[in-house]
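Values quoted throughout were computed directly from the atomic coordinates according to the rules given, and no laboratory measurement underlies them. In this text the structure is predicted, and so the values were computed from the model without any measurement. With ideal geometry, Cβ positions are generated from the backbone for all residues, glycine too; neighbour counts draw on all protein chains shown.
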Amino acid sequence: MAHIDPATPALAGPVLHLPDRSPPPKRRRFRLFQKVAEPGPVTDINTTPLIDVMLVLLIMFIITIPVATHEVPLDLPQVAPPQEPPRPFHQLDIAADGSLAWNGAALPADQLQGRLLQLAADPATPELRLNPDGETLYGWLDQILAQIRVAGVGRLGFIGNERYAAAF
């Protein structure tokens, strides 16, 4: 409220005293080229992309799982596996006394080399299966193995080894 001061001349008119006012606000200047402090780095993880990827993966799984578990019953013909014909083989038995048997028939020792050469020359390349007796002397067996190697027999197998497995 304003009040009139009686000490002032009348011609001048009454002087009004106004209450104290705050100074007018300063004008803000346009600060285009002044440096402004930048905020510090954000240390929190931005989870929005993570949530987006997880939602996409969830939708993909929801779509693909029913397709993968769906099956249509079909009666397909069963094909039997092809029967492989047994490979031809000849068996040479060596007895404890050194006598020989070719496919179960007695064979003189002097005819062994001829049979081995015929076997090596056969284009069907049959296998020679060697069946020595447990009491056969190693010297006899070594001579026969040497004859087999000289004849050029490429396929040689030992049979009857299972009877010696218990010894070891």
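The relative contact order of the range 70-109 comes to 23 percent, based on Cα pairs under 8 Å that sit 6 or more residues apart. Between GLN91 and GLN143, the modelled labels are 2.4 nm apart [label points 7 Å from Cα along Cα→Cβ]. For the range 77-150, relative contact order (Cα pairs under 8 Å, six or more residues apart, normalised by length) works out to 37 percent. Computed extension gain for ALA37 through ILE159, at 0.36 nm per residue and net of the alpha carbon distance, reaches 34.7 nm. All C-alpha pair distances within the range 105-167, sorted into 5 Å bins from zero, spread as 3, 15, 24, 26, 17, 8, 4, 1 percent across the bins.
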